[in-house]
Amino acid sequence: MMRKNSAFALIATLLLCFCKFAWGQGNAEAAKFSQEGFQATKDKDWNKAVDAFHRASELDHKQTPNLVAVLQQRGTAYANEQKFPEAIADFSEALKLKPDDATIYERRAVVEMKMKDLDKALADYSSAIKLKPDDVRYYLYRSSIYERKGDVKNSMADTEKALKLDKHNAQALSRKERLQKIQSMNAPLPPPPPRPAASKSP
């Protein structure tokens, strides 16, 4: 019985080692392609980078952290090639795998702004703010979008939130001054003073 159990344990151990070896080989291959992608990105060879990250994601698609990283790298490569829909698709897939990553929302928002899709960029910065409410940058970016949309009220509100986090922030101070000028220009004129009542003759 002991020999039988020992043999079973040995077989189980060998199978486990084989699985680990196969898994490790797959990761090593994915890592190799990822490294090629990183180098290609450094060299600004975007086509090579996209191809390398695509191969890495195919080899390592079950490894969520690696896949998320690959998708972000490939999305960045697509964005640099001005293939904005493809970049959006990669960032969106990454967010399905890791919906609590504010940085991915930010990266997708940047592409959306390049596509002049301000409403979607606004929504993504709002999601980033929910995840990182103390990051002053997200309030500044969202405030900028509101200003571009002509929404002075919400732009000012985000500028004030940014200043609460960083009271000396030059960008926020400059925007606040600019928005205050717009508000004063758009302020309704005061009503004219009432005309004096005509005096009655005696």
| said: Net charge within 13 Å of Lys42 by Cβ-Cβ distance, Lys/Arg positive one each and Asp/Glu negative one each, not counting Lys42 itself? | reply: -1
| Anisotropy class of the stretch 26-98 from Cα gyration tensor, a/c 1.5 cut | oblate
| field | Residue-wise HN-Hα coupling along the stretch 80-86, computed from phi with Karplus coefficients 6.51, -1.76, 1.60 (Hz; x: Gly, Pro) | value | 5, 8, 6, 8, 5, x, 5
| field | Cα gyration tensor category, rounded, prolate or oblate, for the stretch 121-183 with a/c compared to 1.5 | value | oblate
| Exposure proxy ranking, count of Cβ atoms within 10 Å, fewest first, for Met115, Met185, Met156 | Met185, Met115, Met156
| query | Long-range amide H contacts for Lys83: which residues qualify at under 5 Å (H placed 1.01 Å from N, peptide plane, sequence gap of 5 or more or a different chain)? | reply | none
| task | Restrict the search to the stretch 28-128; then list the trypsin sites (Lys or Arg not before Pro) that DSSP places in a loop and that have at most 16 other Cβ atoms within 10 Å of their Cβ. | result | Lys44, Lys62, Lys116
| message | I'd like to know which of Leu59, Ala94, Ala77 lies farthest towards the positive end of the charge dipole of the stretch 26-98, counting +1 on Cβ of Lys and Arg and -1 on Cβ of Asp and Glu. | response | Ala94
| Segments 174-180, 135-141 sorted - mean Cβ within 10 Å per residue, highest first | 135-141, 174-180
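Just so you know, all these numbers are worked out from the coordinates, no wet-lab data involved. Source: prediction; values computed, not measured. Ideal geometry is used to build each Cβ from the backbone, glycine not excepted, and the neighbour counts take in all protein chains shown.
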